[in-house]
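Trainee: Provided herewith is a single structure, encoded as structure tokens, for subsequent inquiry.
The values are calculated or read from the model by the stated rules, or taken from the named source; none is laboratory data. Model, not experiment: these values are computed from the prediction. For the accessible areas, the whole protein counts, side chains as well, though only heavy atoms, and no ligand, DNA or RNA atoms are used. Shrake-Rupley method; radii C 1.70, N 1.55, O 1.52, S 1.80 Å.
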Amino acid sequence: KLIPLLSVLFLTLQLLFLALFPGAFNCCMSISDEIPKGILRRVERFEIQKADGPCHLEAVILHTKGKKFCVNPWNRKVKKIIKKMKHKIHNRKFHDRKQRRTRATKQKEQKQ
């Protein structure tokens, strides 16, 4: 009598956890070694999935508009895309920071 009650309680807690944290188990279960060039051109962002915690597979998750692709992190094309995207992000941050400083300097000059 106690075992079925515990089973129902455990199942209820699992469902509650999944409802509260929907992305908790959103892992890549398999990875692709080859990725078409057309998809690589449309990548908007990427995530690195580590092989720890609930995810037991190391992967790069490439996000395109409305889709995601799990790919091999050691793929040469994937490494190139990641490097290119990191470079773009770094340059954008540097450019934004430079513009803010220029704006602040202009405001100080106008006050004097």
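Trainee: Considering only residues that are over 15 Å from the mean Cα position of the chain (by Cα) and not small (Gly, Ala, Ser), look in the stretch 43-56 and name the one that is modelled with the lowest pLDDT. Explain how you work it out, then say what you get.
Mentor: Applying the first criterion (over 15 Å from the mean Cα position of the chain (by Cα)) to the stretch 43-56 yields 52-54, 56.
So of that shortlist, the ones also not small (Gly, Ala, Ser) come out as 52, 54, 56.
Values: 52: 78, 54: 73, 56: 82.
Once the filter is applied, the top-ranked residue is 54.
Trainee: Consider the stretch 74-102. How many of its residues are open to solvent by less than 70 Å² (accessible area, probe 1.4 Å) and at pLDDT below 55?
Mentor: Number of matching residues: 1.
Trainee: Further question: Given the criteria open to solvent by 100 Å² or more (accessible area, probe 1.4 Å), at pLDDT 85 or above, closer than 18 Å to residue 82 by Cα and outside any helix (DSSP H, G or I), does residue 34 qualify? Let's see the steps before the verdict.
Mentor: Details: open to solvent by 100 Å² or more (accessible area, probe 1.4 Å): yes; at pLDDT 85 or above: yes; closer than 18 Å to residue 82 by Cα: yes; outside any helix (DSSP H, G or I): yes.
It is true that residue 34 is open to solvent by 100 Å² or more (accessible area, probe 1.4 Å), at pLDDT 85 or above, closer than 18 Å to residue 82 by Cα and outside any helix (DSSP H, G or I).
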